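What follows is a short report on a single structure.
The values are calculated or read from the model by the stated rules, or taken from the named source; none is laboratory data. The shown structure was predicted, so the numbers you read here are calculated from the model rather than taken from an experiment. Note that each Cβ is placed from the backbone with ideal geometry, even for glycine, and that neighbours are counted across all protein chains shown.
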Amino acid sequence: MSLFLGILFFLLTIFIYIGAKKLYERYHYPCTFPLLIATIVLVSLLLLFNIPYDTYYLGGQWIEQLLGPAVVALAYPLYKQIHMLKQFFFPIIIGVMTGSFIGVFSGIWLAQWFGFEKEVIFSMLPKSVTTPVAMEITQSIGGLPPLTAILVMFAGLGGAVIAPYTFRLFNVTNDLARGIGTGTASHAIGTAKALENGEREGALSSVAMTLSAIFVSIIGPVITFLLY
């Protein structure tokens with residue numbers, strides 16, 4: 001029975017995503033980003049039919065296991081743009097480091113402003129880092145990994161949807177700035193969106209996502225030790 005449910009929900013997720021992608025191809029707006037639409041549809045179906053998440057996860061876990069290989073695959077455009085990375089090495093490092101600090105402290109300050117407990121604050125700290133790394137950081141500092149997973153998803157989807165409007169509002173046209181900002185703030189989901197704008201921007205976003213994970217892995221525990 002569990003195998004049947006696993007296959008059912010796996011196929012359901014794939015078909016919903018394909019439908020969302022077709023919609024995005026026809027109505028190409030940030031708010032119709034496939035991952036956002038697919039997530040809304042899936043959550044709505046689970047709530048409508050009262051399906052527990054654990055039941056859905058029987059199939060969803062197979063898709064989750066593809067996250068690692070998908071992230072590794074981002075190394076290919078990175079390799080093709082290696083000359084550019086060497087050329088802008090210091091601006092990239094400074095930009096990602098600055099963005100990482102902002103990502104960490106924005107989560108802390110937002111949680112403090114709402115009066116959340118320390119466990120919630122620690123869970124929000126790595127929200128801008130890719131999921132596998134964020135879960136490890138949260139667990140090491142005493143946060144709640146399931147909550148972190150949700151916050152990481154919101155950060156990724158929010159960044160992918162809001163970034164185009166933000167760039168247009170502030171007239172950010174440089175692909176170096178766009179790629180670094182997207183990758184640092186919204187990890188793999190943002191990087192997928194950046195790749196739509198060109199291989200150069202996608203490669204920079206991939207670099208930013210990787211460096212951000214390294215920086216936050218270092219500064220996260222240090223900040224929690226000093227502040228708490």
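Summary table
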{"quantity": "Matching residues in the range 17-60 - criterion: being of a type in the set (Val, Ile, Thr) and touching a helix residue (DSSP H, G or I) at 6+ places or on another chain (Cβ under 8 Å)", "calculated": "Thr32, Ile37, Thr39, Val41, Ile51, Thr55"}
{"quantity": "Which listed residue is in a loop (DSSP other than H, G, I, E, B) and either exposed (fewer than 14 other Cβ atoms within 10 Å of the Cβ) or of a type in the set (Ser, Thr, Tyr) (or both), from Gly115, Gly143", "calculated": "Gly115"}
{"quantity": "Verdict on Leu169 being modelled with pLDDT of 90 or more, surrounded by fewer than 20 Cβ atoms within 10 Å (Cβ to Cβ) and farther than 17 Å from Gly99 by Cα", "calculated": "yes"}
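Table: residues versus (1) surrounded by fewer than 14 Cβ atoms within 10 Å (Cβ to Cβ); (2) under 24 Å from Pro221 (Cβ atoms); (3) more than 22 Å from the chain's Cα centre (by Cα).
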{"site": "His28", "(1), (2), (3)": "yes, no, no"}
{"site": "Ala38", "(1), (2), (3)": "no, no, no"}
{"site": "Ser44", "(1), (2), (3)": "yes, no, no"}
{"site": "Leu48", "(1), (2), (3)": "yes, no, yes"}
{"site": "Gly59", "(1), (2), (3)": "no, no, no"}
{"site": "Val72", "(1), (2), (3)": "yes, no, no"}
{"site": "Tyr76", "(1), (2), (3)": "yes, no, no"}
{"site": "Gly95", "(1), (2), (3)": "no, yes, no"}
{"site": "Gly99", "(1), (2), (3)": "no, yes, no"}
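For (1) at pLDDT 90 or above; (2) within 18 Å of the chain's Cα centre (by Cα); (3) under 19 Å from Gly99 (Cα atoms); (4) among the polar types (S, T, N, Q), each residue gets a yes or a no:
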position	(1), (2), (3), (4)
Phe122	yes, yes, yes, no
Thr130	no, yes, yes, yes
Ile137	yes, yes, yes, no
Pro146	no, yes, no, no
